[in-house]
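Colleague: First the structure, which I've put down as structure tokens, then a few questions once you've had a look.
Only the coordinates and a few stated rules stand behind these numbers; no lab work does. Source: prediction; values computed, not measured. Don't worry about glycine lacking a Cβ; one is built from the backbone with ideal geometry, like all the others, and counts go over all protein chains shown.
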């Protein structure tokens, strides 16, 4: 079922709030039970438990993570969620500003069946190691 631009903005707002809650299960609730995410062509995080673990990893690395939605794009049952997150790395305390996006395939209930997430991993590593 195609998603409207209005529905996409509502979904993006709610997803942003879930990330900003610091609750990995809130993030995973946006995914279909058998959905998943692959970030920067890495290993897939499958099912809500896998997505929960992925989000928990981000929260462990960036405990003060603050996400903003920079925009959305829609085409049929596909959606792009553009984002920026800021915070500080838990180990180095370095300030972070990371820009990226997720490409979503949505089911009829507008749950994420598949997400492909992207950000500049080299820039992230450079920011983490900055003192």
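Colleague: Between residue 44 and residue 109, 0.36 nm times their residue separation minus their Cα-Cα distance comes to what? Write out the running numbers ahead of the final one.
Modeller: On the way: separation 65, 0.36 × 65 = 23.40 nm, distance 2.22 nm.
Stretched fully, the residue 44-residue 109 segment lengthens by 21.2 nm.
Colleague: Between 0 and 90 degrees, rounded to the nearest ten: what's the tilt of helix 5-21 against the longest Cα principal axis of the chain?
Modeller: Computed tilt is about 40 degrees.
Colleague: Could I have the simple spin-label model distance between residue 64 and residue 118, label points 7 Å from Cα toward Cβ, reported in nm to one decimal?
Modeller: Inter-label distance under the simple model: 3.1 nm.
Colleague: So, one more: Round to the nearest 0.05 the FRET efficiency obtained for residue 73 and residue 93 when R0 = 25 Å and r is the Cβ-Cβ distance. Please list the in-between numbers first.
Modeller: On the way: r = 35 Å, r/R0 = 1.39.
Result of the calculation: an efficiency of 0.10.
Colleague: Let me ask something additional. Which of 107, 64, 120 moves most in a GNM of the chain, Cα contacts under 10 Å?
Modeller: Sorting by GNM fluctuation, first place goes to 120.
Colleague: What number, rounded to the nearest 500 deg cm²/dmol, is the helix-based mean residue ellipticity at 222 nm of the chain, given -39500 (n - 2.57) per DSSP H run of at least four residues and division by all its residues?
Modeller: Details: 4 runs with 46 residues, N = 131.
Helix contribution divided over all residues of the chain: -11000 deg cm²/dmol.
Colleague: Show me, bin by bin at 5 Å from 0, the whole-percent P(r) of the chain based on Cα pairs.
Modeller: Binned Cα distances yield the sequence 2, 11, 20, 25, 21, 12, 5, 2, 1, 0.
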